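Right, one structure below, let's go through it.
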Amino acid sequence: MSFFIVVIYSYLLGSIPFGLLFSHLLGFGDIRKIGSGNIGATNALRTGSKKLALLTLIFDVGKGSLAVFLSLLYFSEYAYLSAIIVYLGHVFPVWLKFKGGKGVATYIGNILILNPVLFVIYGLSWLIIAKLFKISSISALIAFLIIIPCSYFFYDLNITYLNFFFFIFSIYTHRENIKRLIAGTEK
């Protein structure tokens, strides 16, 4: 029963489309009709509103953190499952016909709770790569490449496998970005 409870609340939290909700509340309309059409913080920034981007980022990180925090508090054996399900809820939200965001902010939220040191490593890696290349998708993917060996050498196989899952799935969610990177047209 605990398994199903974790799956349900993690998925429902993950599937809340904060980028879409805040874009409507702040008068930007449907964020899926702006920029890349994504509901995440990077696309929210393309509206020109730092406020919209920041709110989207904070709440997407928050839902990842909250799901994992609740799982650690009440169902600790399912904390990693919760991290995966909240992420998948963001990527495949039932409310948006299973077309959501890329999951990076939600991942950041769950790794913040699961392992604050890896959160710092991922965040610093992302910031440094973003400063160098000025492309969010490259920053996310390279930060995942950095976090996997850090997980392996400093922690255990379970968190390494978890981060490997997020890396592989991030390749999937960023597949259009990767095509544009190869074509030289990524913004």
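The values are calculated or read from the model by the stated rules, or taken from the named source; none is laboratory data. Predicted model only: the values in this text are computed from it and were never measured. Note that each Cβ is placed from the backbone with ideal geometry, even for glycine, and that neighbours are counted across all protein chains shown.
Is there a residue being more than 17 Å from TYR161 (Cα to Cα), aromatic (Phe, Trp, Tyr), in contact with a helix residue (DSSP H, G or I) (Cβ under 7 Å, 6 or more places away or on another chain) and not assigned by TED's automatic domain parsing to the domain that holds LEU13 anywhere in region 120-131? Looking through region 120-131, at least one residue is more than 17 Å from TYR161 (Cα to Cα), aromatic (Phe, Trp, Tyr), in contact with a helix residue (DSSP H, G or I) (Cβ under 7 Å, 6 or more places away or on another chain) and not assigned by TED's automatic domain parsing to the domain that holds LEU13. Listed by position, the helices (runs of 4 or more DSSP H) inside region 1-107 whose residues that are among the aliphatic types (A, V, I, L, M), within 22 Å of ILE171 (Cα to Cα) and not assigned by TED's automatic domain parsing to the domain that holds LYS187 number at least 2 are 41-45, 50-74, 79-91.
For region 78-99, taking the residues that are farther than 18 Å from THR160 by Cβ and surrounded by fewer than 19 Cβ atoms within 10 Å (Cβ to Cβ), the one that is nearest to the chain's Cα centre (by Cα) is identified as PHE92.
Only a single item in (1) without any contact (Cβ under 8 Å) to a residue 12 or more places away in the chain; (2) over 24 Å from SER15 (Cβ atoms); (3) outside any loop (DSSP other than H, G, I, E, B); (4) not basic (Lys, Arg) is not met by ILE168, and it is number (2).
Filtering region 84-123 to residues that are closer than 17 Å to VAL7 by Cβ and either in contact with a Leu (Cβ under 6 Å, 6 or more places away or on another chain) or of a type in the set (Val, Ile, Thr) (or both) leaves ILE84, ILE85, VAL86, VAL91, VAL94, THR106. Just one of the numbered conditions (1) over 18 Å from VAL68 (Cβ atoms); (2) in the same structural domain as LEU70 (by TED's automatic domain parsing) is not true of PHE154: (2).
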